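Chemist: Supplied in structure tokens, the structure appears directly below.
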Amino acid sequence: MKDFTHKNIHLSASILAAEASRFDRDVKEVVCAGVDSLHIDIMDGRFVPCTSFPTDIVGKIRGYTDLDLHVHLMVKNPSEYLESLTNQGANLVSFHVESLGDVSLVIERIKALRMKVGLAINPETDAKSVKNYLPRLDQVLIMGVRPGFGGQAFIPTTLDKIAAIRDMLPEDGANIAVDGGVSPMTAGDIVAKGADVLIAGTALFSTEDKIGAVEKLLNAAKGTQTKC
Ligand code: DX5
Ligand code: ZN
């Protein structure tokens, strides 16, 4: 088995888990703690049962940080959101292979709007469904939980999916991000299977000690921390 534990891991903070009553403070704290990007979930209440942030949350956050902003669209019709997202300063947009419409067209539209493009895949969807699109992607976003809610337990079969998609990618291909259930307990296994990007919500926002939370995740990713 290949050893992936020495590569640089990108840590993205999923702001869905930020405390609503002190949202901007929470987000600024996690930025100062050293995460590499912010992950912004947008839900339409149709692709998933709930709604989350409106697209203008991106512009609001762009008002106080230069960090990369990665948008995760959990929506039926991704095309409707793209122009607004680029205007507000999003750097990468991921949409679901399970969403409606022509996946290739949405990929090209995101690129034409000068954003990076990610394709997300749900736990119950076969890894093969993303295969044909891989050469045109910057990122494959593998869900470690059913989409729509933070704080769920990581689904263990996700590890096989990470390995399967890693095998389909060339060395210089798209990166692999994992979203949902990422914690110091799971980060080591996720990275060992070939993920490059850890997206964490609860693990970063459920504590006052954001610097400590970042350290714990990165140590776990390197396999230098016992699971606790
Ligand atoms: C789930 C979202 C995730 C979520 C992750 O549908 O896409 O980004 O915030 O939350 P945790 O890290 O709590 O599993
Ligand atoms: Zn997400």
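The values are calculated or read from the model by the stated rules, or taken from the named source; none is laboratory data. Bear in mind the structure is a predicted one, so any value in this text is a computation, not a measurement. All Cβ positions, even for glycine, are placed from backbone atoms using ideal geometry, and neighbour counts span all protein chains on display.
To keep it simple, each residue is scored yes or no on (1) under 16 Å from the mean Cα position of the chain (by Cα); (2) farther than 25 Å from residue 112 by Cβ; (3) at pLDDT 95 or above.
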residue	(1), (2), (3)
138	yes, no, yes
146	yes, yes, yes
161	yes, yes, yes
184	no, yes, yes
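Residue by residue, here is whether (1) within 16 Å of the chain's Cα centre (by Cα); (2) under 21 Å from residue 40 (Cβ atoms) holds:
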position	(1), (2)
89	no, yes
94	yes, yes
113	no, yes
122	yes, yes
141	yes, yes
170	no, no
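Chemist: Looking only at the range 156-175, count every residue that is surrounded by fewer than 23 Cβ atoms within 10 Å (Cβ to Cβ) and of a type in the set (A, V, I, L, M, F, W, C) and tell me the total.
Modeler: Of the residues in the range 156-175, 5 are surrounded by fewer than 23 Cβ atoms within 10 Å (Cβ to Cβ) and of a type in the set (A, V, I, L, M, F, W, C).
Chemist: Name every residue in the range 10-52 that is part of a helix (DSSP H, G or I) and not aliphatic (A, V, I, L, M), in order of residue number.
Modeler: 21, 22, 23, 24, 25, 26, 28, 29, 32
Chemist: I need the full set of residues from the range 125-168 which are touching a Ser or Thr at 6+ places or on another chain (Cβ under 8 Å) and closer than 14 Å to residue 180 by Cβ, in order please.
Modeler: 141, 142, 143, 144, 150, 151, 154
Chemist: Could you tell me whether the range 52-63 includes any residue that is within 14 Å of ligand 2 (Cβ to nearest atom), among the hydrophobic types (A, V, I, L, M, F, W, C), surrounded by 15 or more Cβ atoms within 10 Å (Cβ to Cβ) and more than 16 Å from the chain's Cα centre (by Cα)?
Modeler: yes
Chemist: Moving to a separate point now. For residue 42, state whether it is among the hydrophobic types (A, V, I, L, M, F, W, C), away from ligand 2 (no atom under 14 Å from the Cβ) and touching a residue at least 24 places away in the same chain (Cβ under 8 Å).
Modeler: Answer is no for this residue.
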